[in-house]
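Peer 1: Below you'll find the structure I mean.
The values are calculated or read from the model by the stated rules, or taken from the named source; none is laboratory data. Everything quoted here is computed from the prediction, not taken from an experiment. Neighbour counts run over all protein chains shown; Cβ positions are idealised from the backbone, glycine included.
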Amino acid sequence: MYRLLEEMPYDEMMSWLDYFELRPFGWRDDLRTARILQANGFKGDITKLFPTLKTKTPENPTDSFVGSLFHNMLKNAVGGEKIV
């Protein structure tokens, strides 16, 4: 920890704090558990069970896909022009 305090630039430290605010510790475990619950028929709001997922659930589920590298690769594939 002392090396981080002595060597890490302030801007980088602030960037990490912003990152962990958007991606709180344990959110992936919560997401995994929520998906298992949903696969087993849970119909409730997962963000009420797992508050860490509130910032991870986009309003439009395609928001994180459209414009991604994988999306662009699919669009450039044979027949990919049909993908929105």
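Peer 1: Looking at the stretch 31-53 only, could you name the residues that are in contact with a helix residue (DSSP H, G or I) (Cβ under 9 Å, 6 or more places away or on another chain), at pLDDT below 90 and part of a helix (DSSP H, G or I)?
Peer 2: If the condition is that a residue be in contact with a helix residue (DSSP H, G or I) (Cβ under 9 Å, 6 or more places away or on another chain), at pLDDT below 90 and part of a helix (DSSP H, G or I), then Leu31, Ile46, Thr47, Leu49, Pro51, Thr52, Leu53 are the ones that fit.
Peer 1: Turning to a different aspect of this structure: Of all residues in the stretch 6-16, which are loosely packed, with under 10 Cβ neighbours inside 10 Å and under 27 Å from Thr52 (Cα atoms)?
Peer 2: Tyr10, Asp11
Peer 1: Within the stretch 39-52, take every residue that is touching a residue at least 12 places away in the same chain (Cβ under 8 Å) and of a type in the set (Val, Ile, Thr) and give me the one that is surrounded by the most Cβ atoms within 10 Å (Cβ to Cβ).
Peer 2: Within the stretch 39-52, the match that is surrounded by the most Cβ atoms within 10 Å (Cβ to Cβ) is Ile46.
Peer 1: I would also like to ask the following. Within the stretch 31-38, is there a residue that is exposed (fewer than 12 other Cβ atoms within 10 Å of the Cβ), of a type in the set (Gly, Ala, Ser) and touching a residue at least 12 places away in the same chain (Cβ under 8 Å)?
Peer 2: Checked the stretch 31-38: no residue is exposed (fewer than 12 other Cβ atoms within 10 Å of the Cβ), of a type in the set (Gly, Ala, Ser) and touching a residue at least 12 places away in the same chain (Cβ under 8 Å).
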